[in-house]
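Okay, structure first, notes after.
The values are calculated or read from the model by the stated rules, or taken from the named source; none is laboratory data. It should be emphasised that the depicted structure is a prediction, and the values quoted were computed from it without experimental measurement. In this analysis, Cβ positions are derived from the backbone assuming ideal geometry, glycine residues included, and neighbour counts consider all displayed protein chains. What goes into the accessible areas is simple: the full protein's heavy atoms, side chains included, and nothing from ligands, DNA or RNA. Shrake-Rupley method; radii C 1.70, N 1.55, O 1.52, S 1.80 Å.
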Amino acid sequence: MSGKESSRWAVYGRYGLVLVLTAAAVQNGAASFGGQYLTVRTLAAVLCGVALVVRRLPWFVAPLLTTTATCLWGWLMLPLLLIALFDLAARRRVAVAAGCCAVALAASTALPATVSLWRPQQYGASLFLLLAVVGGCGWATAVAWSRR
């Protein structure tokens with residue numbers, strides 16, 4: 001498989017992952033809030049998913065949308081935020097990724113316990129956030145070394 005073909009498959013994989021995680025956010029949101037699908041929460045999840053796959057947007061749009069959605073709806077939007085954090089770290093914008101983590105975790109303290117990032121495990125979400133940032137840094141380092 002050539003580099004061009006593997007690059008194309010990586011894009012298809014990313015689209016698939018974002019589609020599945022967006023659908024999961026919509027489904028989990030409906031299950032957590034009385035079975036309602038046509039809500040602002042659903043629109044936010046879809047907008048976050050679109051922002052994660054459209055590459056022509058400015059770099060800050062996807063992290064801004066996913067961080068805001070996670071601040072408002074907690075763990076329901078966490079997987080989409082993790083993709084945005086990975087992207088930030090892979091682009092060597094680790095300080096911005098750390099800021100997004102801090103804002104999401106701080107805002108989560110004001111959310112209801114059912115969607116808070118601090119439930120069901122007190123430090124579970126922060127570990128996932130850290131893993132996304134470290135994984136993105138590792139990815140960027142590996143890519144940089146492979147180009148030498």
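What the table shows:
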| item | result |
| --- | --- |
| Most to least accessible of Val40, Val96 (protein chains only, probe 1.4 Å) | Val40, Val96 |
| Per residue solvent-accessible surface (Å²) - the chain, probe of 1.4 Å | 59 Å² |
| Largest to smallest accessible area among Cys137, Cys101 [probe 1.4 Å] | Cys137, Cys101 |
| For the stretch 6-20 and the stretch 61-139, distance of Cα centres in Å | 21 Å |
| Accessible carbon and sulfur surface of the chain relative to its total accessible area, %, 1.4 Å | 69 percent |
| Per-residue ³J(HN,Hα) for the stretch 39-49, Karplus 6.51 cos²θ - 1.76 cosθ + 1.60, θ = phi - 60°, Hz, x for Gly and Pro | 9, 5, 4, 5, 4, 4, 4, 5, 4, 4, x |
| Around Ala84: net Lys/Arg minus Asp/Glu count, Cβ-Cβ under 14 Å | +3 |
| Solvent-accessible surface ranking, highest first, for Arg119, Arg8 at 1.4 angstrom | Arg119, Arg8 |
| Three-way shape label, the stretch 30-92, alpha-carbon gyration tensor, a/c 1.5 | prolate |
| Enclosed volume per residue, in Å³, of the convex hull spanned by Cα atoms of the stretch 1-71 | 88 Å³ |
| Correct option for Kirkwood radius over Cα pairs in Å [calculated from the coordinates] among [x] 15.4; [y] 16.4; [z] 15.8 | [z] |
